[in-house]
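Colleague: Have a look at this one before I ask anything.
The values are calculated or read from the model by the stated rules, or taken from the named source; none is laboratory data. Given the structure is predicted, the values throughout are model-derived calculations rather than measurements. Ideal geometry is used to build each Cβ from the backbone, glycine not excepted, and the neighbour counts take in all protein chains shown.
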Amino acid sequence: MKKRGWFGLVAAALLLGAAAFYGYQRRNTHSSSARSNALGMMPADANAVLFADFAELRTAAFVTQLFAWAPKPQADPDYTRFLKETGFDYERDLDRIAIAFVKHGQDSTLFAVVDGKFERQKISDYAVKTGTVTKSGTREILSVPVTDSTKKIAFTFLRNDRIALTDSGDLGGTLGAKKRNEDSAEWRLRFERLAGAPVLAVIRQDAAAGAALAAQAPGGLRSPQLSVLLDQLQWITIAGKPENDRMRVVAEGECTAEATTRQLADLLQSVLVLAEAGLNDAKTRQQLDPTARAAYLELLKSADISKIDRGDTKSVRLAFEITPAFLEAARRAPPATPSPAVRKPLLRNTVPSRKGHI
């Protein structure tokens, strides 16, 4: 090929590469901006915020496998009708969602910002059939009843591809509420730490995590010490990021007391040691499917526990990977049956320090 021909091919390749990179940068910048904007709208007095970027997750190999693994729910008649009349399919059209939960005594309310491909008029027409329309300033707020509940969901279009909704009964007030700068800064700091994760949860503690764990954990895995330590955390963050065919999960507990994070790190390390010892037990080897046992061991071996000192706050971090083998093992595992006998707790109130393993 003549030199001029080579120059032409190289120039064309550079132009195509530049165009592709520019398009990627624009999409990435738009996604990042939409994410930051949605999280910035979360109420500063929230107790927990969840976020998921479905537009990014849909392109991940791990999520494709997860959807194939998960059981398919039966079509709900109400959703089928909603899909038919509005054209909105959440599996295809939902891009991002940020949800805040705010406690009011024993009750709680939610506020959410949802991004997606909406046919605005169709959705409004559908809502009017069973709901009501009110005005809050220049905003049109639609309220629809919640199935099997006395509550209503109020929502409004912030723009054609974004909806805000709440079940608090005062969407206009929530959207117009002023935030304390220091509260907003605390949430923003933790959102920024998790900026690369398409799935995240940020929980501001109110001494409830320990009680929740005690209520949900199997009898043999309950630990009063773990409950007490979790209750001493001011913040808990959880983030998930797909990496090829697996999901990397990072959970972090944060407080101001170094002693709390040190004890929590030691306790978590002991849990990993006990779990691995249990899987290597001769009886377990006989009873557990070898493939499942290998998957569980792989999960434990991927786990890493570390401590972080940020000056004003101290944290303990647990990171691990969920693999396709683990998903398959979980799918094949028989459902757990509660034992009538009260089992002795696996973890005692005191756990020997294992500082050398952190």
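Colleague: Does at least one position in the range 169-189 carry a residue that is touching a helix residue (DSSP H, G or I) at 6+ places or on another chain (Cβ under 6 Å), of a type outside the set (Ser, Thr, Tyr) and touching a residue at least 12 places away in the same chain (Cβ under 8 Å)?
Modeller: Kept after step one, since they are touching a helix residue (DSSP H, G or I) at 6+ places or on another chain (Cβ under 6 Å), are these residues of the range 169-189: none.
No, the conditions are met nowhere in the range 169-189.
Colleague: Related question: Just for the range 108-118: of the residues that are under 19 Å from residue 32 (Cβ atoms) and not charged (D, E, K, R), which one is farthest from the chain's Cα centre (by Cα)?
Modeller: Residue satisfying both the conditions and the ranking: 116.
Colleague: Would you please list the contacts, defined by Cβ atoms under 7 Å and residues six or more apart or on different chains, that run from a residue in the range 66-84 that is farther than 19 Å from residue 145 by Cβ to a residue that is at pLDDT below 85?
Modeller: 69/331
Colleague: Which residue pairs have Cβ atoms under 9 Å apart, sit 6 or more places apart or on different chains, and have a first residue in the range 249-274 that is in the same structural domain as residue 227 (by TED's automatic domain parsing) and a second that is assigned to a helix (DSSP H, G or I) and among the hydroxyl-bearing types (Ser, Thr, Tyr)?
Modeller: Here the result reads 253/260; 253/261; 254/261; 255/261, each pair linking the range 249-274 to a residue that is assigned to a helix (DSSP H, G or I) and among the hydroxyl-bearing types (Ser, Thr, Tyr).
Colleague: Does any residue in the range 89-107 that is more than 20 Å from residue 38 (Cα to Cα) and free of Cβ contacts under 8 Å to residues at least 12 places away in the same chain come within less than 6 Å, Cβ to Cβ, of a residue that is outside any strand (DSSP E or B) and not small (Gly, Ala, Ser) six or more places away or on a different chain, and which pairs are these?
Modeller: Listed by first residue and then by second, the contacts come to 89/83.
Colleague: Looking at (1) within 26 Å of residue 180 (Cβ to Cβ); (2) loosely packed, with under 11 Cβ neighbours inside 10 Å, which one does residue 103 not meet, given that it meets all the others?
Modeller: Here residue 103 meets the rest and fails (2).
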